[in-house]
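Each value in this text was obtained by applying a stated rule to the coordinates, not by laboratory testing. As the structure is a prediction and not an experimental result, all values here were calculated from the model. Note that we place each Cβ from the backbone using ideal geometry, even for glycine, and neighbour counts take in every protein chain shown.
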Amino acid sequence: MRNLDISYCGKIVKDNDPDRFLLSMLMSAECREGLWALFAFNYEISKTREVVSEMQLGFLRLQWWREEIGKIYEGSGALKHEILTPLAIAIRLYDLPREHFDALLYAREFDLDDVLPSNLEGLMNYADFTSTPLIKLAVQIIGDDPEIEPVQVIAIGYALSGILRSVPFHARQRRCLLPEDLLKEAGIGLSNHLYEFKSVDRLSEVVKIIFGEIIIDARPQSKFLNGLQGLTRIYAGRIRRVKYDVFHPRMTIEPPFKVLRVLCSVM
């Protein structure tokens, strides 16, 4: 993709959320700043656990964002800020519902508890709450109706594929989002197996169960959702080809022709 002069938010998204940056570049130029402001906000709140040393500091950080978002909706004037200022413009321009921002902020509080989802339903809820509100906002920004599009199923599928691909990254942080009951049934410990990068023979069985919840045959009208589902198909194919071994070296390699394949999915 050729070099472009992009905004502060655009650079954050480009450097830290390349998939959504790619999708934004495939959308109309008029809505990109709104998308970048939204995705930059999402990046800032999603990294909260990684940038704080104590749980309480994480809650305070999320509360700061909650209060500043509230000021935008209350019309009392949000703080002049590299992300909040363009986000306020997007909120007004696209009439974005406050409830979705509140949902994203509350969902990120789960990260601070440092506990595993107790079961598959808990993981599905996490994927839903951290992804669906964000994608509904993005769909509204590009001018489609999130209430008539299959947003939830596509958002959850993409989130689950990301969670599975992130197992090694989370393990290095001594963190895990895989369901606790499935890990126990497979005899997998965290401190003595997953977090030490030791051989985990039955981890692929756990991954395969979660993988079965990824739906890739929804039929959206939205170009953005088609692109997001296209990414999920690419990642799901990679996971399937390595036989659900998320620690396989191939998982660290960029899928071939990803940009072209996503482009084809939105055309």
Please work out how much length the chain gains when fully extended from Arg241 to Lys80, using 0.36 nm per residue of separation minus the C-alpha to C-alpha distance, in nm with one decimal.
53.2 nm
Report the extension gain between Asp114 and Tyr73 in nm, rounded to one decimal, defined as 0.36 nm multiplied by the number of residues separating them, less their alpha carbon distance.
11.6 nm
I need Leu137, Leu62 ordered by Cβ neighbour count within 10 Å, fewest first.
Leu62, Leu137
Take the Cα of Gln63, step 7 Å along the line toward its Cβ, and report every residue of region 72-102 whose backbone nitrogen sits under 20 Å from that point.
72-74, 78-79, 101-102
Spatial separation of Cα centroids for region 1-63 and region 146-169, in angstrom
17 Å
Treating only Lys and Arg (+1) and Asp and Glu (-1) as charged, each at its beta carbon, one finds that region 38-147 has a dipole about its Cα centre, in Debye to the nearest 20, of 380 debye
Going through the cross-link list Lys14/Lys208; Lys80/Lys223; Lys136/Lys184; Lys47/Lys136; Lys223/Lys258, which pairs have a Cα-Cα distance over 25 Å in this structure?
Lys14/Lys208; Lys80/Lys223; Lys136/Lys184
Kirkwood Rh and Cα Rg combined as Rg/Rh, the chain:
0.96
Counting only the backbone N, which residues of region 108-136 are under 15 Å from the spot 7 Å out from the Cα of Val52 toward its beta-carbon?
108-115
Cα-based radius of gyration of region 152-263 once divided by 2.2 N^0.38 Å, which approximates compact folds:
1.11
On C-alpha positions alone, give me the angle between the axis of helix 120-141 and the longest principal axis of the chain, in degrees, nearest 10.
30 degrees
Can you tell me the relative contact order of the chain? Whole percent, Cα pairs under 8 Å, sequence separation 6 or more.
17 percent
Which angle between 0 and 90 degrees, to the nearest 10, do you get for helix 84-94 versus the longest principal axis of the chain when only C-alpha atoms count?
80 degrees
With only alpha-carbon atoms counted, please give the Rg and Dmax of region 14-158, in Å.
15.1, 43
